[in-house]
Structure formats: structure tokens, C-alpha cells
Amino acid sequence: MAMFIGISGFSSARAQETKGFVPPGQEVPSLGNDHIKTPSDPHISYNSIPPTSGPHLSTIAKWGVSKTPIPDELQVHNLEDGGVMIQYNCQNCDGLVAQLETFAAKYNKVIVAPYPKMKAAIALTAWGRIDTMDQPDEARIDRFIKAYMGIDHHVRE
């Protein structure tokens, strides 16, 4: 329990480094971090699209660029491990995708992948946080990644 409090305290301290700091993105209530064996195992529905917490597999997706969508139940574990997902939903948008892929090259715990189930063109997700946009905003994306990447969300006993 003390380890979890220490991690949470680190997260809060990190988010408050600058007086008046407003954390990037919107907060999404946590659905916990239960493990499931397969994506088809029965589990509660996610409360955001793409998901930001909840039931997930015990493995993670490979960091970097994926040309195919990452299953919800897999990507949530990456978020739990302190990763950030940058997902897109657009047609004939090679320039946008190339621009987003530069973030996967710049940061070690980022995945860029398509996500056809969302309405926005771009979604940034971290554990319990989401930010959506229709046009890429490099400063906003960098700020989101720097605020949340590397924060471990495993519950420690």
C-alpha cells in the first residue's frame, strides 16, 4: 500500500510542478486494472473511446508504430505501464499519420495506431486521461505525453 501511495504522490507532484498547472486532457474515472486472459473474456464495458483504464490482458503491445488497430484489452495494459497511445481515424491521411508517427520515434513509451471506432480524428490516451482533436497540435501532443508518460499505475500491496 505504501508503494502505491508513493507512486500516486509522484504523479500528483509531477502534475503540480508549475503553479496553476492544469493537467492536459480530460479525466476519465478509473475502471481498475483487472487482468483477463483473452480479449473475448467477459468484462465491464470501457467508459471512454478509446479506453483509458479497465480490464486488460497481461501482455503489452509493442511500443512504436502499428499499422493495424491495437485491441482495447491490449492497449490498456500499455497505459497501465505508463504509456501513451496516439490513435487516429481518418481516410487518405498519410501526411497526418506521418506527423503522428514522429512522436513514436521521439518517445519510448508511445504507440501510434489507427482506431476506427472513434469519432475524433486523433485521440491521445494515458491511464485515466483522454484528449481528442480534429487537427494535430504538436505542442498539445508533446504536453500530454510529457505529463503522463512513465507513470506506473500498477496497484502495489
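Things worth noting here:
- Build a GNM of the chain with springs between Cα atoms under 10 Å apart, and of Ile145, Ile111, Ile36 the one that fluctuates most is Ile36.
- Shape class of the range 2-148 from the alpha-carbon gyration tensor: oblate, with a/c at 1.5 or above and b/c at least as large as a/b.
- Set Lys37/Lys146; Lys37/Lys106; Lys19/Lys117; Lys19/Lys62; Lys67/Lys109; Lys19/Lys119 screened for pairs whose C-alpha atoms are more than 28 Å apart: Lys37/Lys146; Lys37/Lys106; Lys19/Lys117; Lys19/Lys62; Lys19/Lys119
- FRET E, pair Glu138, Lys37, Förster distance 35 Å, beta-carbon r, rounded to 0.05: 0.35
- Helix-only CD estimate at 222 nm, as mean residue ellipticity for the chain, using -39500 (n - 2.57) per DSSP H run (n ≥ 4): -9000 deg cm²/dmol
- Note on the chain: with a GNM built from Cα contacts shorter than 10 Å, the maximum mean-square fluctuation among Pro29, Pro42, Pro51 falls on Pro42.
- Here's the picture: charge each Lys and Arg Cβ at +1 and each Asp and Glu Cβ at -1 in the chain, and of Tyr148, Gln26, Thr68 the one pushed furthest to the positive end of that dipole is Tyr148.
- Distance between the pseudo-spin-label points of Ala121 and Cys90 (7 Å out from Cα toward the beta carbon): 0.4 nm.
- The loop-placed trypsin sites (Lys or Arg not before Pro) in the range 36-138, going by DSSP, that have at most 13 neighbouring Cβ atoms within 10 Å of their Cβ come out as Lys37, Lys62, Lys67, Lys117, Lys119.
- Peptides 146-152, 90-96 ranked from most to least packed, by the mean per-residue count of other Cβ atoms within 10 Å: 146-152, 90-96.
- Residues Val28, Val84 in ascending order of nearby Cβ atoms (within 10 Å, fewest first): Val28, Val84.
- Estimated dipole of the chain in Debye, rounded to 20 [Cβ of Lys and Arg +1, of Asp and Glu -1, Cα centre]: 180 debye
- Highest GNM mean-square fluctuation among Ser45, Ser53, Ser66, for the chain modelled with Cα contacts below 10 Å: Ser45.
- Share antiparallel - DSSP beta bridges, the chain, percent rounded to 5: 60 percent
We did not get these values from a lab; they are worked out from the coordinates using the rules stated. Just so you know, these numbers come straight off a predicted model, no measurement behind them. Ideal geometry is used to build each Cβ from the backbone, glycine not excepted, and the neighbour counts take in all protein chains shown.
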